[in-house]
Amino acid sequence: MLNKYTYSQHNCSNTYYCSSKLRGCRASVKLEKSGQVEKVRGRQYEWIPTPRGRYLLMLNQFTYSQDHSTLTYYCSSKLKGCKASVKLDKDGNIEKLRDVHLHEPPKYLRTNTGNYVKL
């Protein structure tokens, strides 16, 4: 399970496909030998607008901010020592994911209009 979505293994490989593949979903997850997520195809994250007009990437309840104008996003708690990061490819798919955090995820409330408010 990744970000509340389920996947099933493909032919004893390290690639897992979305359980809704037969209904047209094209999402997949590729794992490293260690079990860490190597690559995710299909968008499993959300964009949260900030008061400064930028966006945070939210994945598995954690938020990430963009590293300048690259496609790499670092945990919003990077200055506190967290080394988690997400790298996107040019199509917006997750190319590399370091999803080990040293802290609990921030608390956000999703309003009935779809906006997020940090608690």
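Just so you know, all these numbers are worked out from the coordinates, no wet-lab data involved. Fair warning: this is a prediction, and the values are worked out from it, not measured in the lab. Every residue, glycine among them, receives a Cβ derived from its backbone with ideal geometry; neighbour counts consider all protein chains shown.
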- Query: Quick one: if the Förster radius is 22 Å, what FRET efficiency do Tyr108 and Gln9 give, using the C-beta to C-beta distance and rounding to 0.05?
  - Reply: 0.10
- Cα centroid of segment 49-90 to Cα centroid of segment 7-28, whole Å: 27
- Item | Within straight-line cross-link reach of Lys118, lysines at Cα separation under 17 Å, skipping those fewer than 8 residues along the same chain | Lys107
- Message: Taking 0.36 nm per residue of sequence separation and subtracting the Cα-Cα distance, how much length would be gained by fully extending the chain between Trp47 and Arg98, in nm to one decimal?
- Response: 16.5 nm
- Message: Looking only at Cβ-Cβ distances, which cysteines of the chain have no other cysteine closer than 4.7 Å?
- Response: Cys12
- Query: What list of ³J(HN,Hα) couplings, whole Hz, do you get for segment 66-76 from phi and the Karplus terms 6.51, -1.76, 1.60, once you set θ to phi - 60° and write x for glycine and proline?
  - Reply: 6, 8, 6, 10, 8, 9, 9, 10, 10, 3, 5
- Between Lys30 and Gln66, how many nm apart are label points set 7 Å from Cα along the C-beta direction? 2.5
- Interchain or sequence-distant (5+) residues whose placed amide H lies within less than 5 Å of the amide H of Tyr108 are Leu119
- Message: Compute for the chain: radius of gyration divided by Kirkwood radius, i.e. Rg/Rh, restricted to C-alpha atoms, rounded to two decimals.
- Response: 0.98
